[in-house]
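As structure tokens, the structure follows; a few thoughts come after it.
The values are calculated or read from the model by the stated rules, or taken from the named source; none is laboratory data. Please read all numbers here as calculations on a predicted model, not as lab measurements. Virtual Cβ from ideal backbone geometry, glycine too; neighbours counted across all protein chains shown. Only protein heavy atoms, including side chains, enter the accessible area calculation; ligands, DNA and RNA are left aside. Shrake-Rupley method; radii C 1.70, N 1.55, O 1.52, S 1.80 Å.
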Amino acid sequence: MIEINLIPDVKRELLRAKMMRNTVTAMSITVSMIAVGVAVALGLIFGGQIALEALHDGTIKSKTRELTSIEDLDKLVTIQHQLATINKLSSERQADSRLFDVMTAVNPVAPNSIKIATLKLKPESRTITIEGSAENGYIALEIFKKTITNTTVQTTQNGQEVKQPLAENLQAGEASFGEDANGKKVLRFSFTFTYPAELFSKTSSSVVIATPNGKVDVTDSRLGVPESLFAKKPKDASNKEKN
């Protein structure tokens, strides 16, 4: 007869079960400690955020009290806004007076000089319209146009000299003969051209008009406007005949 002793196997299973229990218990304790650590860290973070928000709220309330304690605060704010607006408008304002110096510079010498009756400057479209008259007829008009188209505007930008044509997209209007205030026969004309934005910009530190006959500094509108440059608008030659 064969006998089998099962007691050692039972003991081994019991020991294995105890070891597994101890392992599970140790892992449970470790996980619990990690969870507690995470909870503490989150608590510290949230607590810090709450404290920081409270500090900022206190600073905002303190600064608000300081501002509200200032007398006539609304008037001061309004004045500051108005000053900012004035500075902006001043920087955007154009040096329109340069236009007269430009016209003086491009006006041909006698006998091909012209007289201006109407001078229109439109900043929104950057156009100049000239209505005038010329005693020397079409010859003077063509010389005047060629002088304008061959004239450049020289400006200084970031320390560099920049050259641009004075006139682009020159569009001729009607031309016809008439009589000036002295009864002389003159050619009446009109035309429009586009000018570069830098010509009248106050941000341009230097503006020079370079014509085929020379250069003129118009930065500060140094030249006066000669009376000979302007004249009354000529009338129709037929008016005298009718009278």
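Descriptive notes on the structure:
- Among residues of the stretch 98-118 being over 18 Å from residue 152 (Cα atoms) and in a loop (DSSP other than H, G, I, E, B), the one that is farthest from the chain's Cα centre (by Cα) is 111.
- Qualifying positions in the stretch 156-176 - touching a Leu at 6+ places or on another chain (Cβ under 8 Å), surrounded by 14 or more Cβ atoms within 10 Å (Cβ to Cβ) and farther than 16 Å from residue 105 by Cα: 175
- When residues of the stretch 19-76 are limited to those that are modelled with pLDDT of 75 or more and among the basic types (Lys, Arg), the one least open to solvent (accessible area, probe 1.4 Å): 61
- Here residue 150 meets the list (1) over 21 Å from residue 169 (Cα atoms); (2) in contact with a Ser or Thr (Cβ under 8 Å, 6 or more places away or on another chain) almost entirely, failing just condition (1).
- Some residue of the stretch 122-142 being among the charged types (D, E, K, R), in contact with a helix residue (DSSP H, G or I) (Cβ under 9 Å, 6 or more places away or on another chain) and surrounded by fewer than 17 Cβ atoms within 10 Å (Cβ to Cβ): yes
- Pairs where the first residue, in the stretch 168-179, is over 16 Å from residue 145 (Cβ atoms) and the second is small (Gly, Ala, Ser) and open to solvent by less than 50 Å² (accessible area, probe 1.4 Å), C-beta under 6 Å, 6+ apart: 177/237; 178/237; 179/237
- Residue 219 open to solvent by less than 30 Å² (accessible area, probe 1.4 Å), outside any strand (DSSP E or B) and modelled with pLDDT under 80: yes
- Of all residues in the stretch 118-132, those that are more than 12 Å from residue 170 (Cα to Cα) have Cβ atoms under 7 Å from Cβ atoms of residues that are surrounded by fewer than 15 Cβ atoms within 10 Å (Cβ to Cβ) and among the charged types (D, E, K, R), 6 or more apart or on another chain, in 121/96.
- Residues in the stretch 202-216 that are at pLDDT below 85 and under 24 Å from the mean Cα position of the chain (by Cα): 202, 203, 204, 205, 206.
- Output for the stretch 128-161, where each listed residue is within 28 Å of the chain's Cα centre (by Cα), in a strand (DSSP E or B) and over 22 Å from residue 97 (Cβ atoms): 160, 161
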